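Novice: After the structure tokens below, expect a handful of questions from me.
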Amino acid sequence: MQKLIKENNIQMVDFKLTDIDGRWRHLSIPAERLTESTMEHGIGFDGSNYGYAPVENSDMVFIPVLDSAVIDRYAKVPTLSMIGDVKVIQVPDNKPFDQYPRNVAIRALDYMKEQGIADSMVIGPEYEFYIFDQVTYSTDYYNLSARINTSQAAFASGREDNNHGYQVLPGAGYHNSLPTDIRNDLRSSMCLAMKDWGIDVKYHHTEVGGSGQMEIEVELGDMLKLADDTMAAKYVIKNEAVREGVTATFMPKPLAGEAGSGMHVHMLLFKDGKPVFYDADGYAQLSKEAHWFMGGLLTHARSLCAITNPSTNSYKRLVPGFEAPVTIGYAMSNRSAVIRIPAYAKTPDTKRFELRNPDATCNPYYAYAAILMAGLDGIKKQIDPHAEGWGPFDFNLYSLSEEEKAKLTGLPATLEEAIAELEKDHDYLTAGGVFPERLISQLLERNKKAASTVSKLPHPAEFALYYDM
């Protein structure tokens, strides 16, 4: 490590930690202070300020993971960046803090191995986000407002400053080419920066949202690495945007009339190097274990939302008409179902399905671990999604009559609804000690507080509806 530091004239070492909400926080030390003692004993910090430790027992240590070291291109002073793990200070030996997001993901993978179901979970998240020229907002009691400025949107066609007339209509942004695709070079820069960070990029393109929606998809990989990579990808994307003088957001629904941004998660299991989910004779070439895994996801889909879709804004995306799922079910090549089986994934080692409801406001460590635990519960209980009436739905679920829709089960319509589901359905998460009960309580408490805060704010639309009453 010291060789890398000397060769690159590194002056600071930056340690990035994940808080309970899934945001990176960081602390830095002079490079010469990175010693064997630092690597062994770590650096002390106050865990209560990260949201998951009680004040009376909040002394913790951060242990850097050497393999995660990367030069942080966004720091002016030459800086080496690392993530790491967190331990609780105890005598005689410190122990991993069971609520720290990365530790929860590690425990979920260990639990999977202990059950003998698989020894590897491979996932592939898709990162959707918007790029805007500028955003302003206010939550003052006398001024509740949000304003978005983006030169790509159709609503910018009347601008007189530097307007070339290549705006995009709402919902018409998918795979646009130059010169309409004004962020192509920026996305390329993002992908190259992600590569430098050790993230394997599959491709990038404009997404459906005509007002600046983008997507960067990464290659399939180990669940823990992809959780690490999700944190890094969001960091890179946001910082590359700022470098360009614009702003990137992973908000699920920043614009009411445009497509929302999700984070679809592809998944498959391996055991002894062999795919668990493949069966040449099964529906969509999926094995009974794959169907049971889907059964677990669908059984717990409503409570899962409190972890995979933990923001009030998440449920403004999960509405009909914008390719976001609203109905609990599965099908081949059907983007209106919660679980889609990609038709193009045909080989045994790539046979998989994707969960379409998650979005990037989630803490990726908790979200991926919760998805795994729901699926493992389905395998243990052999939950058949077809027998439960969840499909396969090989038709457009958005086009059903109201009478037909009433027969189906939908995802929660609000964060409050998802919270209520998690309160009564979380035993599958605490199995094997993966999600501690205290962590579930903390997540519920924080989400309740956020939902309550938003519910008490007057909405601008309410002025339009009721001001003159």
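Novice: Hydropathy first: keep DSSP H helices in the chain averaging at least -1.0 on Kyte-Doolittle, then drop any whose Cα extent along the axis falls short of 24 Å, and list what survives. It would help to have the intermediate numbers written out before the result.
Specialist: On the way: long enough: 223-243 (29 Å, -0.03); 364-381 (25 Å, 0.45); 437-455 (27 Å, -0.54).
Qualifying helices: 223-243, 364-381, 437-455.
Novice: While we're here: Considering the stretch 68-139, what Rg and Dmax in Å follow from its alpha-carbon atoms?
Specialist: That works out to 19.1, 54 Å for Rg and Dmax.
Novice: Related question: Diagonalise the Cα gyration tensor of the stretch 39-178 and give the resulting equivalent ellipsoid semi-axes, square root of 5 times each eigenvalue, largest first, whole Å.
Specialist: Numbers: eigenvalues 384, 105, 65 Å².
Listed largest to smallest, the semi-axes of the stretch 39-178 are 44, 23, 18 Å.
Novice: Ratio to report: Rg/Rh of the stretch 2-97, with Cα atoms as the point set and Rh obtained by the Kirkwood method; give two decimals.
Specialist: Working: Rg = 13.9 Å, Rh = 14.0 Å.
That ratio equals 0.99.
Novice: So how far, in whole Å, is the C-alpha centre of the stretch 82-115 from the one of the stretch 246-265?
Specialist: Spelled out, the Cα-based centre of one part sits 32 Å from the other.
Novice: What is the distance in Å between the Cα centroid of the stretch 336-394 and that of the stretch 135-168?
Specialist: What the calculation gives is 37 Å, centre to centre.
Novice: Relative to the Cα centre, what is the charge dipole magnitude of the stretch 120-466, using +1 at the beta carbon of each Lys and Arg, -1 at the beta carbon of each Asp and Glu, and rounding to the nearest 20 debye? Before the final figure, lay out the partial values.
Specialist: Details: 33 positive and 44 negative charges, 64 e Å.
In total the dipole reaches around 300 debye.
Novice: Taking the Cα centre of the stretch 61-147 as the origin, how large is its charge dipole in debye, to the nearest 20, when only Lys and Arg (+1) and Asp and Glu (-1) carry charge on their Cβ atoms?
Specialist: Details: 8 positive and 12 negative charges, 51 e Å.
Using Cβ point charges on Lys, Arg, Asp and Glu, the stretch 61-147 gives about 240 debye.
Novice: Over the stretch 204-360, what is the mean sequence separation of C-alpha contacts under 8 Å (at least six apart), divided by residue count, expressed as relative contact order in percent? Mind showing how you got there, number by number?
Specialist: Working: 228 pairs, mean separation 36.7, N = 157.
Reported as a whole number, the value is 23 percent.
Novice: Students often forget the sequence filter, so: which aspartates and glutamates lie under 19 Å Cα-Cα from K351 once same-chain residues fewer than 8 apart are removed?
Specialist: D119, E126, E217, E219, D222, D272, D279, D281, E289, D384, D394
Novice: For the stretch 304-397, I need the span (max minus min coordinate) of the C-alpha atoms along each principal axis, in Å, sorted largest to smallest.
Specialist: 35, 31, 27
Novice: Quick one: Debye curve from the alpha-carbon atoms of the stretch 249-366 only, equal weights, vacuum; give me log10 I(q)/I(0) at q = 0.19, 0.23 Å⁻¹ to two decimals.
Specialist: Log10 of I(q)/I(0), two decimals: -0.99, -1.27.
Novice: I'd like to know which of V276, I307, Y111 lies farthest towards the positive end of the charge dipole of the chain, counting +1 on Cβ of Lys and Arg and -1 on Cβ of Asp and Glu.
Specialist: Checking the options against the dipole of the chain, the answer is I307.
Novice: Which one, A233, T414, F393, projects farthest toward the positive side of the charge dipole computed for the chain from Cβ point charges (K/R +1, D/E -1)?
Specialist: A233
Novice: From the P(r) of the stretch 120-466, can you give the percent of Cα pairs sitting at distances over 30 Å? Spell out each step's value before the answer.
Specialist: On the way: 22654 of 60031 pairs.
Roughly 38 percent, once rounded to a whole number.
Novice: Past the 26 Å Cα-Cα mark, which pairs from K76/K195; K16/K195; K16/K113; K87/K202?
Specialist: Numbers: K76/K195 20 Å; K16/K195 19 Å; K16/K113 28 Å; K87/K202 35 Å.
Pairs exceeding 26 Å: K16/K113; K87/K202.
Novice: How do K238, K288, K95 rank when sorted from fewest to most other Cβ atoms within 10 Å of their own Cβ? Walk me through the numbers on the way to the answer.
Specialist: Details: K238 17, K288 13, K95 10.
Exposure proxy ranking, most exposed first: K95, K288, K238.
Novice: Let me ask something additional. Can you give me the P(r) profile for the stretch 342-469? Cα pairs, bins 10 angstrom wide beginning at 0, each as a whole percent.
Specialist: Binned Cα distances yield the sequence 9, 28, 33, 22, 7, 2, 0.
Novice: Please state the relative contact order of the chain as a whole percent: Cα pairs under 8 Å, 6+ residues apart?
Specialist: 15 percent
Novice: Given the DSSP H assignment, sum -39500 (n - 2.57) over each helix run of at least 4 residues in the chain and divide by its residue total; what's the result at 222 nm in deg cm²/dmol, nearest 500? All intermediate terms of the calculation are to be shown ahead of the outcome.
Specialist: Numbers: 14 runs with 146 residues, N = 469.
After summing the helix terms and dividing by residue count, I get -9500 deg cm²/dmol.
Novice: Taking amide H atoms as placed 1.01 Å from N in the peptide plane, list the residues 5 or more away in sequence, or in a different chain, whose amide H sits under 5 Å from that of D200.
Specialist: Amide H to amide H, under 5 Å and 5 or more residues apart or across chains, D200 pairs with E219.
Novice: Sort the following peptides by mean Cβ neighbour count (other Cβ atoms within 10 Å, averaged over residues), highest first: 13-24, 368-379, 203-214, 440-451.
Specialist: Numbers: 13-24: 19.4, 368-379: 26.5, 203-214: 22.7, 440-451: 16.6.
Going by the mean number of other Cβ atoms within 10 Å, highest first, we get 368-379, 203-214, 13-24, 440-451.
A short reminder: the numbers here are calculations on the coordinates, not readings from a lab. A quick note: this is a predicted structure, and the numbers were derived from the prediction, not measured. Neighbour counts run over all protein chains shown; Cβ positions are idealised from the backbone, glycine included.
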